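Input: a single structure, listed below in C-alpha cells.
No value in this document is a laboratory result; all are computed from the given coordinates. What you see is a predicted model, and the numbers here were worked out from it, not measured in a lab. Neighbour counts are summed over all protein chains in view; Cβ atoms, including those assigned to glycine, are modelled from backbone coordinates with ideal geometry.
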Amino acid sequence: MGLALAVAMGLGAAAADTAITPKIQVNAEVVTSYELNQRVLLMTALNQQGNIPKAARESLIDDRLRHAAAMAQNVAVANSEVQRGMTEFAARGDLTAEQLITYLAQRNVDAESLRDFIKAGAEWRGAVRARFLGRITVTEAEIDRAIAAGVAGGSDLQVSLAEIFLPTTAEGGNQTVLAQRIIDGSNTVNAFMIYAQKFSKGPTAGNGGMLDWQSVSALPPEVASAIQGLKPGEASRVVPVTGGIRIYYLRDESPGPSQGKPAYDIDFALMGFAPGQQAQAAALAAKVTSCGALYPIGRGLPEDALLRQTTPQRSLPGSLAGVLANMDPGDTHLMPRADGGTDLVMLCAMIPQTSIPASRDAVRQQLANRKIGLLAEGWLNQMRSNAIILDR
C-alpha cells in the first residue's frame, strides 16, 4: 500500500483513486490495482509463460499470505538482504541489479515493485526456516535408502554446449520467429556459430556462443530440462530467461562410466479418480499449475488417492515412464485405468543425478531440504484454504 500511495501523490485525483483502488482482499490486507498492474508488467518483462494476469493475481495473494506468515514468525528482512537478492536474481539473466532495473523501467516496471517481489521471497524463506528447520530430522536409515535408490548415484554426464541469447525487442516481442528459424537451421555446429555471431547479444557471441564443458548436474534445471534427450548436433527448444530467450546447441557429450545418458530422479504426483469421474479429473488437470495445489484437494479424498514420490527415472514402470518422459514440470496427463477409473499424473520436478558419491552429510542435507520444501508447500496451501480471498 505504501508504494501505491506514494505513486498516487504524483498523479491527478482520478488517476490516484484508480491506482489505490483495492482489487483483491486477502484476509485483512488488500492488493491494489496499481500492484496488480505492476506484477503483470513485471511478469511480462521476465517472459513469464501462460496466463499472466491469472499468475500475477495468484502470486500477489501468495505474497500477502507469506508476509503474514513472516510477521507471525517475527521474521524481518534487512535492506541489504533485499539488495543481495536483487543482485542474485539479475545475475540469472547475466545482468547487474542496475541493468535489470533499467531494463524493467523501460517496460514501465518500478524498481520498488521489483524490490517488493524479491522481499516477499526472502520473507518466505525466513519464515519457512523459522517454522520448520528445527523440526526436521533425517535418520540414518533414510540416508541408506536414498543412496540405494540412486539419489546420489547415476552418471555425471559432461556436455559441451553453445548458446544464443536473443533479448526482448523494444516493442516487447520475444523473437520467437527468429528463434525458430535458428533452431530449424542449426543442422551443424558451424551453422549455429554463424547464427550466434550474427544474432546473439550474450557475452559468448563473439566466440560463436561456445561454452566450456560442464556437468549436467551443475546446469540450471531449466537448461538441463531443455537439453534432455538431445543428440549431439541438435538445438534445444527456446528457454525463457530474464530479458529474453536462450537457445542451446549440444556440440558433444562425455558420459560417465555407468551410463551414456543423463540420469534423473523424477518427482511426480498421482491422483486417482473413480470410474465415472473423468470429467472431474479433466477439470482438475486444466486448473492446477503445481503439485502443491493438489494437497488441499487430496485432504478430502481417501488416504491412498493422492501419491507423491521421487523415483529414479530408470525405476519407473514402463507406461508411467513413457508418459513422464514427454512432460515438463507442471504438466499434467490423464491415464485411463483398467477398472474404468482415471489417474491424473503431474510432473513436479526432474532432479539430475551425479555419479560422484555424495557424502552422507550431503545426502542428509538434500533430504532435509526436500522435506522442508514439502512442508512449506503444504503450509502455504493450508493458509490459502483458510484465508478469506475476495475480488473487489
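At a glance:
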read-out: Options Ala305, Ala279: the member that is over 26 Å from Leu230 (Cα atoms) and without any contact (Cβ under 8 Å) to a residue 24 or more places away in the chain; value: Ala279
read-out: So Gln180, is it closer than 26 Å to Leu324 by Cα and part of a helix (DSSP H, G or I); value: yes
